[in-house]
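J.: The structure under discussion is supplied below as structure tokens; questions concerning it will follow.
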Amino acid sequence: MIYLSIKKMTQALLLTSSFLLVACSTSPLSITLQPTLSEIPANSVSTSKLNWQITSQDFRTAQYLIIVSEGDGVATLINDAQNSRLVIQQSLQQKWAETGLRLNPQSENKITIQLIELLSKVKQTSFSHTVNSTITINVRVESGTTVFNKIFASNTEQEAPLSVNIKKTGNKLNTQLSLLLDEIINDPELNAKFK
């Protein structure tokens with residue numbers, strides 16, 4: 001009787017340990033980007049009398065945010081939980097509105113945000129990993145017969161010991177995106193085209 005009780009406890013303990021081990025080692029299959037942009041300085045308020053329509057396009061060839069490649073040729077893809085193109089458009093639109101840019105979805109003057117690349121590539125080895133993150137955004141401004149394009153890009157590379165932490169990689173990609181969006185908002189050449 002005692003033998004059966006110990007055997008059942010051992011099986012239950014092994015089963016519970018297996019579930020905990022799998023739960024701890026499972027990577028998320030999606031992450032959420034939530035860029036946080038800096039406050040707008042008081043002297044950067046727009047004096048434009050033009051109304052602007054803001055749209056966005058996604059030209060990425062990779063529709064995921066993180067790819068983790070291991071030596072055996074197997075890759076893990078981490079997707080965005082929300083549409084990254086819309087997150088970027090809404091973040092820029094909100095900040096441009098705070099600067100006083102007049103927005104009107106029916107305007108003939110257009111700002112088009114083109115997402116070219118937003119990807120972290122992770123190469124995982126037995127004892128270390130390398131993360132290479134690239135973000136490329138083109139901002140196209142059309143007013144009358146004038147068309148202006150400017151590409152904004154950010155690249156980072158980091159090497160670290162042991163296995164990659166997907167949550168930390170997502171947070172770093174989020175910070176990188178926030179800095180690039182701040183650069184777009186504060187770009188004097190781009191802001192001059194709005195006037």
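J.: Using a cut-off of 17 Å between alpha-carbon atoms, which lysines can reach residue 195, once sequence neighbours fewer than 8 places away in the same chain are excluded?
T.: The reachable lysines, counting only those whose Cα sits under 17 Å from residue 195, are 49, 95, 110, 150.
J.: From largest to smallest, what semi-axes in whole angstrom does segment 116-178 give when each is the square root of 5 times an eigenvalue of its alpha carbon gyration tensor? Before the final figure, lay out each step's value.
T.: Values: eigenvalues 231, 19, 10 Å².
Ellipsoid half-lengths, sorted descending, are 34, 10, 7 Å.
J.: Would any residue of segment 156-183 have its amide N under 15 Å from a label point 7 Å out along Cα→Cβ of residue 127? List them or say none.
T.: It comes to 160-163, nothing else.
J.: Which order do 59, 152, 127 take when ranked by solvent-accessible area (1.4 Å probe, heavy atoms of all protein chains), largest first?
T.: Numbers: 59 110, 152 5, 127 165 Å².
Order by accessible area, largest first: 127, 59, 152.
J.: Take the alpha-carbon centre of segment 164-193, take the same for segment 104-163, and report the distance between them in whole Å.
T.: Using only Cα atoms to place each centre, the spacing works out to 8 Å.
J.: To continue, here is another question. Quote the accessible area belonging to residue 143 in square angstrom, nearest 10, computed with a 1.4 Å probe and with ligands, DNA and RNA left uncounted.
T.: Probe radius 1.4 Å; accessible area of residue 143 about 30 Å².
J.: Amide H neighbours of residue 101 under 5 Å, at least 5 residues apart or on other chains, H built in the peptide plane: list them.
T.: Amide H to amide H, under 5 Å and 5 or more residues apart or across chains, residue 101 pairs with 46.
J.: I would also like to ask the following. Along each principal axis of its Cα atoms, how long is segment 54-179 end to end? Whole angstroms, biggest number first, please.
T.: Per principal axis, max minus min of the Cα coordinates gives 56, 25, 22 Å.
J.: Oh, and also: Using the crude model of +1 on Lys and Arg Cβ and -1 on Asp and Glu Cβ, and no other charge, please compute the dipole size for segment 43-195 relative to its Cα centre, in debye to 20. Don't skip to the answer; put the middle values down first.
T.: Details: 15 positive and 14 negative charges, 78 e Å.
It works out to roughly 380 debye.
J.: Put a dot 7 Å past each Cα toward the Cβ at residue 86 and residue 112; how far apart are the dots in nm?
T.: That separation, rounded to one decimal, is 2.1 nm.
J.: So with the 1.4 Å probe, I'd like the accessible area per residue for segment 57-189, rounded to whole Å².
T.: With all protein chains present, segment 57-189 gives 53 Å² per residue.
J.: If you roll a 1.4 Å probe over segment 50-195 with all protein chains in place, what percent of the accessible area is carbon or sulfur?
T.: Values: 3700 of 7700 Å².
That share works out to 48 percent.
The values are calculated or read from the model by the stated rules, or taken from the named source; none is laboratory data. On a predicted model such as this, the values are computed, not experimentally measured, just so you know. Reconstructed Cβ throughout: ideal geometry from the backbone, glycine too, with neighbour counts over all protein chains shown. Only protein heavy atoms, including side chains, enter the accessible area calculation; ligands, DNA and RNA are left aside. Shrake-Rupley method; radii C 1.70, N 1.55, O 1.52, S 1.80 Å.
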